[in-house]
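A.B. asks: Below are the structure tokens for one structure; questions will follow.
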Amino acid sequence: MKTLLIENAHIISFGDNAFLKENQSVYIENGIIKDVFDFKSKNYPADEVIDANGKYLMPGFVNAHTHAYSALVRGFGKAAEALDFQQQLENLWWKLDKSLSLDDCYYSTMVLALDSIKHGTTTVIDHHASPFAVIGSLDRVADAFNQTGLRSCLCYELSDRDGQLISDEGIRENIYMLNHCQNNPSPMLKAMFGLHASFTVEDKTFEKVMSELGDTKPGFHIHTAEAQSDQLTTWKMSRKRVVKRLYDLGILGEHSIAAHCVHIDEDEISLLKETNTMVVHNPQSNLNNAVGIADVVKLMNHKILTGLGTDAMTTNMLEEARVALFAQHLKQNHPTCAFMEIVNLLFVNNYKIAERIFGIQSGKIEAGTVADIILYDYLPPTPLDNTTIWGHLLYGFSQTPVDTTIVNGKVLMKNKILTLDLDEKEVLAKSREFAQKMWNRFK
């Protein structure tokens, strides 16, 4: 039984009943918080003791939609200019994913995982694609997340854009990982069935997926109306709008993620609500691709569980939340709107999404929740109390490096230094080597 005691911390607990409580200690057994108590009021023997010395302790962040495979594109400049989203896909992302090898899948995930640890992101819901290296790719991604100690949910991004053979491999890879997670249950690794987007998956492929799954009904993870082009192409394919098509095909549901949802109408919102489907907002990506800004205020007013992802633009969830807030100001033409909606995306709803997928209690610092914890060495320049928590998180903690990252009770970084059993410099040297080879293959 592995035990950890964190002493003398100022606790910030998230969730619907968030609070700040000073001078607290947290006792952890086997990855679960067992007790939270006033500093020095109890004496627990522990395998490891961390003196927080007044640092702020809070739940680690959840990234509800990202693509680890894109990590090796940093600094890349060979893609042709794109004038719209479709060209952005064709000129960059679809050429990039075709260039990936299984080793690239591993090292790109290692890069994203190490960055996540440094930014306090402890759970990653990933959406993978490597069409010329499909079979075995999710094992390599899982290996990297396991080595770095992060909690992860994986899927393969099934698409018909590269032909029947690769499409069939995508089905096999998804089912393989679903079966693996079912046969080897773990709170650290889960699987969904991945789909690229409505406009790149034919009806016959959806039918094949459902036939292969049989009575099994996993959660699906799919880009949904990210750009208007998804709606236009889907209409030509099916005479249906995107969400209606997914509804009719049985893709929506309480364990499914519809990422983006930038271009959806009232009827589609009603279908998402009816099926209790999760939506994940990715503002930096949407702005970068010039596809628009999802109406988060409307989604949340309809009581749709809406969370926050990065779509691989960053691993820093506080940075993403800040952009989400500013984007809603622009979307709503209202410079003081949506503050609590954005707070709820990251500090409440992302943990509800994680609970649905992983079957864990998270996002709070209390007995019974998973010990996914981060510490900040933050000195507030203005009063920090229960009424000012969110402002300090978005405008203060977001500008402060994470000091310590703990996942499932295991210390992954302490005093800003990784404590993993690996050589970070060696990993990054290998990632540069494989990135260069992949860049050379890009055409």
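What follows draws every value from the coordinates through simple rules; no lab data is involved. As the structure is a prediction and not an experimental result, all values here were calculated from the model. Using ideal geometry, Cβ is built from the backbone for each residue, glycine included, and neighbour counts are taken over all protein chains shown.
A.B. asks: In percent, what relative contact order does the range 72-159 have, based on Cα pairs under 8 Å that are 6 or more apart in sequence? Provide the component values of the computation, followed by the final result.
C.D. replies: Working: 90 pairs, mean separation 27.2, N = 88.
Reported relative contact order: 31 percent.
A.B. asks: Can you compute the helix-only [θ] at 222 nm over the chain? Use -39500 (n - 2.57) per DSSP H run of at least 4 residues, normalise by all residues, nearest 500 deg cm²/dmol. Could you put the intermediate results ahead of the total?
C.D. replies: Values: 16 runs with 166 residues, N = 443.
It lands at -11000 deg cm²/dmol.
A.B. asks: Within the range 205-242, what residues put their amide N at less than 16 Å from the label point 7 Å along the Cα-to-Cβ vector of Ser270?
C.D. replies: Correct set: 241-242.
A.B. asks: Rounded to the nearest 10 degrees, what's the angle between the helix 137-148 long axis and the longest principal axis of the chain, both from Cα atoms, 0 to 90?
C.D. replies: Helix 137-148 sits at roughly 10 degrees to that axis.
A.B. asks: How many angstrom lie between the C-alpha centres of the range 1-65 and the range 358-430?
C.D. replies: Here the answer is 11 Å between Cα centres.
A.B. asks: Grab the other residues whose beta carbon is less than 12 angstrom from that of Asn344, score K and R as +1, D and E as -1, and report the net. Mind dumping the intermediate values first?
C.D. replies: Details: positive: Lys303, Lys352; negative: Asp16, Glu341.
So the surrounding residues net to 0.
A.B. asks: Let me ask something else about it. Once the Cβ-Cβ distance between Lys204 and Phe76 is put in as r, and R0 is 56 Å, what FRET efficiency do you end up with, to the nearest 0.05?
C.D. replies: On the way: r = 35 Å, r/R0 = 0.62.
Plugging the Cβ-Cβ distance into 1/(1 + (r/R0)^6) gives 0.95.
A.B. asks: Then there is this: HN-Hα J couplings of the range 48-61 from phi, Karplus 6.51/-1.76/1.60, θ = phi - 60°, integer Hz, Gly and Pro as x?
C.D. replies: Result, rounded to whole Hz: 9, 10, 10, 8, 5, 6, x, 5, 8, 10, 8, x, x, 8.
A.B. asks: Hey, rough spin-label estimate for Lys443 and Lys414, points 7 angstrom out along Cα→Cβ, what's it come to in nanometres?
C.D. replies: About 5.1 nm, to one decimal.
A.B. asks: Which angle between 0 and 90 degrees, to the nearest 10, do you get for helix 424-441 versus the longest principal axis of the chain when only C-alpha atoms count?
C.D. replies: Relative to the chain, helix 424-441 is tipped by roughly 10 degrees.
A.B. asks: Still on this structure: Please list the non-local residues whose amide H lies under 5 Å from the amide H of Gly136, H modeled 1.01 Å from N, same-chain partners needing a gap of 5 or more.
C.D. replies: Under 5 Å from the amide H of Gly136 lies no amide H from a residue far enough along the sequence or on another chain.
A.B. asks: If you don't mind, there's one more thing I want to ask. Which of Tyr107, Tyr156, Tyr176 moves the most in a Gaussian network model of the chain with Cα springs under 10 Å?
C.D. replies: Answer for the Gaussian network model of the chain: Tyr176.
A.B. asks: In degrees from 0 to 90, rounded to the nearest 10, what is the angle of the helix 228-238 Cα long axis to the longest principal axis of the chain?
C.D. replies: So the inclination is approximately 50 degrees.
A.B. asks: While we're here: Relative contact order for the chain: what is it in percent, counting Cα pairs under 8 Å that are at least 6 residues apart?
C.D. replies: Relative contact order for the chain comes out at 21 percent.
A.B. asks: Sticking with this one: Find, among the trypsin sites (Lys or Arg not before Pro) in the range 252-324, those assigned to loop by DSSP (not H, G, I, E, B) with at most 13 other beta-carbon atoms within 10 angstrom.
C.D. replies: Working: sites: Lys273, Lys298, Lys303, Arg322; in loops: Lys303.
Sparse-neighbourhood loop trypsin sites (Lys or Arg not before Pro): Lys303.
A.B. asks: If you build a Gaussian network model of the chain, linking Cα atoms that sit under 10 Å apart, which residue out of Val348, Val323, Val124 swings the most?
C.D. replies: Val323
A.B. asks: Now for a different question. Amide H of Lys2 versus every other amide H placed in the peptide plane: which residues, excluding those fewer than 5 positions away on the same chain, fall under 5 Å?
C.D. replies: Asn30
A.B. asks: If you don't mind, there's one more thing I want to ask. Note down the net charge around Glu81, summing +1 for each Lys or Arg and -1 for each Asp or Glu among other residues with Cβ under 15 Å from its Cβ. Write down the numbers at each step before the final one.
C.D. replies: Numbers: positive: Lys78, Lys95; negative: Asp84, Glu90.
Neighbour charge sum, excluding Glu81 itself: 0.
A.B. asks: Looking only at Ser398, Ser256, Ser70, which one moves most when the chain is put into a Gaussian network model with springs between Cα atoms under 10 Å?
C.D. replies: Fluctuation is largest for Ser398.
A.B. asks: Around Asn276, what is the net charge, scoring Lys/Arg as +1 and Asp/Glu as -1 over all other residues with Cβ under 13 Å from its Cβ? Kindly include the intermediate steps, with their values, before the conclusion.
C.D. replies: Details: positive: Lys273, Lys303, Lys352, Arg356; negative: Glu254, Glu274.
So the environment of Asn276 carries a net charge of +2.
A.B. asks: Which order do the peptides 243-250, 19-26 take when ranked by the mean count of other beta-carbon atoms within 10 Å per residue, highest first? If you can, show how the numbers build up before the last one.
C.D. replies: Numbers: 243-250: 20.6, 19-26: 18.5.
Peptide ranking by packing, descending: 243-250, 19-26.
A.B. asks: Here is a follow-up. Between Asn301 and Thr387, what length in nm is gained on full extension when 0.36 nm per residue of separation is reduced by their alpha carbon distance?
C.D. replies: Numbers: separation 86, 0.36 × 86 = 30.96 nm, distance 2.32 nm.
Extending this stretch completely gives an extra 28.6 nm.
A.B. asks: Okay, moving on. Rg (Å, one decimal) plus Dmax (Å, integer) for the alpha carbons of the range 1-86?
C.D. replies: 20.7, 63
A.B. asks: Determine ³J(HN,Hα), in whole Hz, for all residues of the range 149-161 in sequence, where each value follows from phi through the Karplus function 6.51 cos²θ - 1.76 cosθ + 1.60 and θ = phi - 60°; x replaces Gly and Pro.
C.D. replies: x, 7, 7, 9, 10, 10, 7, 10, 7, 5, 8, 9, 5
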